[in-house]
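Colleague: Below is a structure I'd like to ask you about.
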Amino acid sequence: MPHTLYDKIWNDHLVHEQDDGTALLFVDRHLIHEVTSPQAFEGLRNSNRKVRQPSLTLAVADHNVPTTDRSKGISDQESKIQVETLEANCKEFGIKLFGMNDKRQGIVHVTGPEQGFTQPGTVIVCGDSHTATHGAFGSLAFGIGTSEVEHVLATQTLVQKKAKNFRINVNGKLPLGVTSKDVILQIIGKIGTAGGTGCVIEYAGDLIRSLSVEQRMTICNMTIEGGARAGLIEPDEKIFNYLKGRPMSPKGSTWDRAVEVWSNLNSDDGSHFDKEVSLTAEEIIPMVTWGTSPQDVITIEGKVPNPNTEKDLDKKSSIERSLKYMGLKPDTLAKDIKIDKVFIGSCTNGRIEDLREAAKILKNKKKASHVHAMVVPGSGLVKQQAEQEGLDKIFINSGFEWREPGCSMCLAMNADKLKPEERCASTSNRNFEGRQGRGGRTHLVSPGMAAAAAIAGNLDDVRKYQN
Amino acid sequence: MQKFISLKSIPTYLPIVNIDTDMIIPKQFLKTIKRTGLGKNLFFELRYDEKGKEISDFILNKKPFCNSNILITGKNFGCGSSREHAPWALLDFGITCIISSSYADIFYNNCFKNGILPIVLNEDKIKEISEYSNRKEEISVNLVDQKIIYGNNEISFEIDPFKKKCLLEGLDDIALSLEKSDKIKSFENKVKNQRPWIFND
Ligand code: SF4
């Protein structure tokens, strides 16, 4: 019987299956961070359990770390305790940790791939919903809760039920200035935030194949915003080349064996998908979100919806609620939305290619004077690379702040946050109420669009700024 | 884990769709290293104004709803971040049963790890039961029979048998999985043979 990529990885990791389909799945790679792990370690200690396979776990502090000068440590007491707790737990249980001052430190979903910890055909979990990012390598990667983190630490397995297969095909070529962020925003707009519930999405089609590894990560990253458990893409030469020589990648003859196995990771012809959706790349236009859910997307040429034209009462009241929170009038043109802040970073768009894309637009240009703008690289290594290429200078010359790596204003757990009613063009992944600070208003965009917004002082069409 | 067998309570109806986990418990409360004490900050931005004062017309600030153990709510409840702080906050507040037409996957799983029963009903039934909640009368939820009883009516609900068993018996699923240690061990050996790069230590 033909199998999908997801079926294959699933079958390869079955330790045990009950009659009702509940399965015990082996976990090859476990990433942990300071926010969702302390209670899991506490649970282990309380029941006298050990970490079964410390070498399959990698820890990074990211959510809560300051992005300004780190030489004085963390000033927020609670954040400090959380980061120190992670350090102590890793030490006690023998887990490798990239601490705050390690240059390999970064957002867990940037660090994993960068180190070669992320590999095709593996099951990867992390107490973080954006774990789907790693699916770009052809792995089954998904977010779990803290109790499940504890379960993985203790057993190196997870209790799971099989999800449905959902394939999204994108074919064609993207117009200039349109990026994978626009593709995924368009997909979420199309399927809705619950469109993928109960599914694992495979992204396929010639456009997806033509994307770079980092662009693929942006797509898989936001799978959770479409409600799916995981998103993945068939691994290919680009993936193998990306991984070759990374610190935790296989070496020597093992590398050759691995590539041989990885090359067979694909969905068989004729395999069954429970759901299928197709998009044409040529029709995709730079996207922005206008509301408080990632499905609230419009094109940069479009306008904010009008609740009076909505017949469905639930939808109507949700549009009204979002407009009120966002401080927007119905039918406002996207390009007329004035912004106060720009945030470039996060596990969606904080990698080197993202920074290059934004810098290309910003070169020899200044941000609008009323805009406060910052760049937070996804990891210490991304930062270093960007500095070698002189991107930091471009950002600084345009009036951006150049920060230390971390999650930063993507979730505003540290000091980087919006004030009430402040409006931000952000390359992150969530525009929920209060996500970037209480009362803060988020418009999700691509890095190029964020750069264009910084220059214009309002949301604007990046296609006008192609150097 | 605390068992869930049955429950009687006045339900609270929160008619918002796509309630995300940031809304259930905002990030400033994720800095804790404990599971308890989050209840007072449940739905923080809906419950308190900018000065930290209770917003009196928010339903969970009103009697009798502030003592409610059952939350009826709009579809796609618990979407967004995987934070288990969301069910911890609900539990700490006293909510052990949620009724909605759909949930986000991770949140749904997290509920079962914390003795919370998330019930799925279709939109029509949600409508019926939410209208009934205006009466401020108790309803009962019985997991053994998979029934919700309100007034003279009853509604049946579906639930995965294994998840039901875990809730009814308050099972520790790590202990259950550890009973399969031999199988895990032989699986690990197989991995070492077939994909040696996984254990690359
Ligand atoms: S960057 Fe944002 S979405 Fe990504 S892991 Fe950090 S907080 Fe989560």
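Colleague: If you check every pair at least six apart or on different chains, which have Cβ atoms under 8 Å apart with a residue in segment B:111-133 that is part of a loop (DSSP other than H, G, I, E, B) first and a residue that is of a type in the set (D, E, K, R) and crowded, with 17+ Cβ neighbours inside 10 Å second?
Modeller: Final answer for the pair search is B:LYS113/A:GLU148; B:LYS113/B:GLU84; B:LYS113/B:ASP173; B:ASN114/B:GLU84.
Colleague: Filter the helices (runs of 4 or more DSSP H) completely within segment A:1-119 down to those with at least 1 residues that are touching a Phe, Trp or Tyr at 6+ places or on another chain (Cβ under 8 Å) and open to solvent by 20 Å² or more (accessible area, probe 1.4 Å).
Modeller: A:77-93
Colleague: Another question, then. Of the residues A:ALA154, A:ALA228, which is among the hydrophobic types (A, V, I, L, M, F, W, C) and part of a loop (DSSP other than H, G, I, E, B)?
Modeller: Going through A:ALA154, A:ALA228 in turn, just one is among the hydrophobic types (A, V, I, L, M, F, W, C) and part of a loop (DSSP other than H, G, I, E, B): A:ALA228.
Colleague: In addition: Select from segment A:410-456 the residues that are away from chain B (no Cβ under 13 Å) and either in a loop (DSSP other than H, G, I, E, B) or on the phi > 0 side of the Ramachandran plot (or both) and list them in ascending order.
Modeller: Residues satisfying the conditions are A:GLU422, A:THR427, A:VAL445, A:SER446.
A quick yes/no check of all residues on (1) under 22 Å from A:VAL159 (Cβ atoms); (2) touching a His at 6+ places or on another chain (Cβ under 9 Å); (3) of a type in the set (Val, Ile, Thr):
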{"site": "A:PHE41", "(1), (2), (3)": "yes, no, no"}
{"site": "A:ARG49", "(1), (2), (3)": "yes, no, no"}
{"site": "A:GLN53", "(1), (2), (3)": "yes, yes, no"}
{"site": "A:PRO66", "(1), (2), (3)": "no, no, no"}
{"site": "A:GLU78", "(1), (2), (3)": "no, no, no"}
{"site": "A:GLU92", "(1), (2), (3)": "no, no, no"}
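Colleague: Okay, next question. Would a scan of segment A:374-386 turn up a residue that is farther than 30 Å from A:VAL213 by Cβ, within 16 Å of the ligand (Cβ to nearest atom) and either free of Cβ contacts under 8 Å to residues at least 12 places away in the same chain or not in a helix (DSSP H, G or I) (or both)?
Modeller: Scanning segment A:374-386, I find no residue that is farther than 30 Å from A:VAL213 by Cβ, within 16 Å of the ligand (Cβ to nearest atom) and either free of Cβ contacts under 8 Å to residues at least 12 places away in the same chain or not in a helix (DSSP H, G or I) (or both), so the answer is no.
Colleague: Looking only at segment A:122-158, how many residues end up being within 30 Å of A:GLU237 (Cβ to Cβ), away from the ligand (no atom under 16 Å from the Cβ) and open to solvent by 10 Å² or more (accessible area, probe 1.4 Å)?
Modeller: Of the residues in segment A:122-158, 0 are within 30 Å of A:GLU237 (Cβ to Cβ), away from the ligand (no atom under 16 Å from the Cβ) and open to solvent by 10 Å² or more (accessible area, probe 1.4 Å).
Colleague: Tell me yes or no: at least one residue of segment A:79-87 is of a type in the set (Gly, Ala, Ser), within 14 Å of the ligand (Cβ to nearest atom) and at the interface with chain B (Cβ under 10 Å from one of its Cβ atoms).
Modeller: yes
Colleague: Within the group A:ILE284, A:ILE352, which residue is within 16 Å of the ligand (Cβ to nearest atom), open to solvent by less than 30 Å² (accessible area, probe 1.4 Å), more than 13 Å from every other protein chain (Cβ to nearest Cβ) and touching a Pro at 6+ places or on another chain (Cβ under 9 Å)?
Modeller: Being within 16 Å of the ligand (Cβ to nearest atom), open to solvent by less than 30 Å² (accessible area, probe 1.4 Å), more than 13 Å from every other protein chain (Cβ to nearest Cβ) and touching a Pro at 6+ places or on another chain (Cβ under 9 Å) holds for just one of A:ILE284, A:ILE352, which is A:ILE352.
Colleague: Could I ask something else about it? Determine, yes or no, whether B:SER82 is within 11 Å of chain A (Cβ to nearest Cβ), in contact (Cβ under 8 Å) with a residue 24 or more places away in the chain and open to solvent by 10 Å² or more (accessible area, probe 1.4 Å).
Modeller: Here the answer is no, as B:SER82 does not meet what is asked.
The values are calculated or read from the model by the stated rules, or taken from the named source; none is laboratory data. Since the model is a prediction, treat every value here as computed from it, not as a measurement. As a convention, Cβ positions derive from the backbone with ideal geometry for all residues, glycine included, and neighbour counts pool all protein chains shown. The protein model used for the area step is the full one, side chains on, heavy atoms only, and it has no ligands, DNA or RNA in it. Shrake-Rupley method; radii C 1.70, N 1.55, O 1.52, S 1.80 Å.
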